[in-house]
1. Could you give every pair whose Cβ atoms fall below 7 Å, whose first residue belongs to the stretch 76-99 and is surrounded by 24 or more Cβ atoms within 10 Å (Cβ to Cβ) and of a type in the set (Lys, Arg), and whose second residue is in a loop (DSSP other than H, G, I, E, B) and modelled with pLDDT of 95 or more, counting only separations of at least 6 or pairs across chains?
2. Could you say whether any residue in the stretch 474-486 is open to solvent by less than 50 Å² (accessible area, probe 1.4 Å), assigned to a helix (DSSP H, G or I) and either closer than 18 Å to ASP306 by Cα or in contact with a Gly (Cβ under 8 Å, 6 or more places away or on another chain) (or both)?
3. Among the numbered criteria (1) assigned to a loop (DSSP other than H, G, I, E, B); (2) closer than 29 Å to TYR195 by Cα, which single criterion is violated by PRO180?
4. How many residues are farther than 22 Å from SER156 by Cβ, open to solvent by 10 Å² or more (accessible area, probe 1.4 Å) and outside any loop (DSSP other than H, G, I, E, B) if we restrict to the stretch 278-305?
5. Identify the residue in the stretch 323-351 that is assigned to a loop (DSSP other than H, G, I, E, B), without any contact (Cβ under 8 Å) to a residue 60 or more places away in the chain and open to solvent by 20 Å² or more (accessible area, probe 1.4 Å) and, among all such residues, is farthest from VAL489 (Cα to Cα).
6. Exactly one condition in (1) more than 30 Å from GLY205 (Cα to Cα); (2) touching a residue at least 24 places away in the same chain (Cβ under 8 Å) is not met by ALA418; state its number.
7. Quick one: which strands (runs of 3 or more DSSP E) lie wholly within the stretch 357-465 and hold at least 2 residues that are surrounded by fewer than 21 Cβ atoms within 10 Å (Cβ to Cβ)?
8. Looking at the stretch 178-200, which of its residues are out of contact with any Pro (no Cβ under 8 Å at 6 or more places or on another chain) and either open to solvent by 30 Å² or more (accessible area, probe 1.4 Å) or farther than 23 Å from ASP386 by Cβ (or both)?
Amino acid sequence: MKLRDQALAWLAQDPDPETRAELESLLDDPAALTDRFGAKLEFGTAGLRGELGAGPNRMNRVTVMRAAAGLAAVLGPGKHVVIGYDARHKSDIFARDTAAVLAGAGLRASLLPEPLPTPVLAFAVRHLGADAGVTVTASHNPPRDNGYKVYWGDGSQIVPPVDGWISAAIDAAAPVGSLPLGEGEVLDATVVEAYLAALAELPLGEARDLRVAYTPMHGVGHRTLVSAFRGTGFDEPATVAEQRDPDPDFPTVAFPNPEEPGAMDLALDLAAKIEADLVLANDPDADRCAVGVPLAGGGFRMLTGDEVGALLGEHVIAHTRGDRLVATTIVSSTLLGKIADAHGVRYAETLTGFKWIMRAGEGLVYGYEEALGHSVGGEHGLPVHDKDGIGAALTVAGIAATAKRAGRTLLDLLDEQARRYGLHATSQLSFRVADLALIGGAMARLRATPPATLGGRTVESWDDLAAGEGGLPPTDGLRYHLAGGARVVVRPSGTEPKLKCYLEVVVPVTGEVADARAEAAADLETLKADLRSVLAL
């Protein structure tokens, strides 16, 4: 079928007047039609994510309703699905469309009562005993994007082969105009109250004297985080006024991601103004948590995801009992494994993504990935089987308040870990390309001719992760173990045209921790320079 004919067929089933008008204006624009109809958004373990607009290569009501039809076909009538959504453009519409399609197919569809953090949806799936969950969000993507993630009955994101089943069912779905539609139910606030009650059971300690500056980054985190703090005895954080309320255009930031340069500027300005003890940020759907701390000489420093992971991991281990497991990913710091070993706790490494962390094994009480994602548990296990920026923020506040009561800071705790386990410093190096073949070529060269040294360190061994190293599912990646405990992981990004390198060096602390940090920073820069040369990108 010609692209114009595909577009006309799409128009015939599109219920959205906005995307119909867009497509009608493009019918005689071959380049625009090729962009929208020459490919389609592929449903995978992360669901769907893309730019809003008309056609199968965009996020729109037709794409979403077909995804819901595919999910309904896989689950079958009588099953229960909980649906959540953030405050992005059309998230509420996509959520209602999903409920209508599911209900029309004979399933029970329950909508969360308002735009809420993604971890509330993940919690609700298990809390309500549902068979699956859907959340409409594009997390910290640009304003014109939206997405669609599916959770299974265990409250975690789907993994193969479930994604393949749903993808095949989407391809087989009827035109949306012929889909029977029903009406879903809207849940009340009790599901949010249950989530907050579960967070109150986390190991927060007793200290509550803490001055916090916070930003929800124009997303949906503010109300839920404030309720979590108030409900556990903390004072309400001071919130960046310009970023407090949901705004799908994210007007004060170039990208609504706490890791992006400049995104934390307003929060850090507020922290300086109120002389905060702690800076906290969520991304727009509040499944990630960023942490900043004051420096002794003035100013603030944002902690890395690995530094927060080490603090939370040791804290959870120290406040839980029995046979338990902590986990992180192959690209995160190796420090958590050393902490676990010192405490006699089981440790696991998984592929990147919380869908794998949550399947690390029985007894999981804490999991994290370096990209600011944490799932914090306590004596009752994990309340959320996905990353939870609200629970992480609350627990970090508890750690900071306890440290403050003792006259210490989070930086003091990090220095103690460095003395005990060695200073573990991590960094990333990314190469964005216009031609994906360049990434494939770089990976092929590395496999054919493995480097003997990197950053002046001998490469003692290397793993081709495509072979399913260590019992992990195969993935396109290479891991190099260097002298002195250093490590480099190289892998293509799963979502962007990038080759990513994850670097770690370990420096024994024999004198001042600050000296070890300076040495580690220099070592990381040497590694980066060498990798730029080796990869030739």
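The values are calculated or read from the model by the stated rules, or taken from the named source; none is laboratory data. If you're wondering where the values come from, they're calculated on a predicted model, not measured in any experiment. We place every Cβ from the backbone using ideal geometry, glycine too, and count neighbours over all the protein chains shown. Remember, those area values only see protein heavy atoms, side chains included, never the ligands or the DNA or RNA. Shrake-Rupley method; radii C 1.70, N 1.55, O 1.52, S 1.80 Å.
1. ARG88/THR137; ARG88/PRO248
2. The answer is yes, given that some residue of the stretch 474-486 is open to solvent by less than 50 Å² (accessible area, probe 1.4 Å), assigned to a helix (DSSP H, G or I) and either closer than 18 Å to ASP306 by Cα or in contact with a Gly (Cβ under 8 Å, 6 or more places away or on another chain) (or both).
3. Answer for PRO180: the failing condition is (2).
4. 4
5. Once the filter is applied, the top-ranked residue is ASP323.
6. (1)
7. So the answer is 423-432, 457-464.
8. Listed by number, the residues that qualify are SER178, LEU179, PRO180, LEU181, GLY182, GLU183, GLU185, THR190, GLU193, LEU196, ALA197, ALA200.
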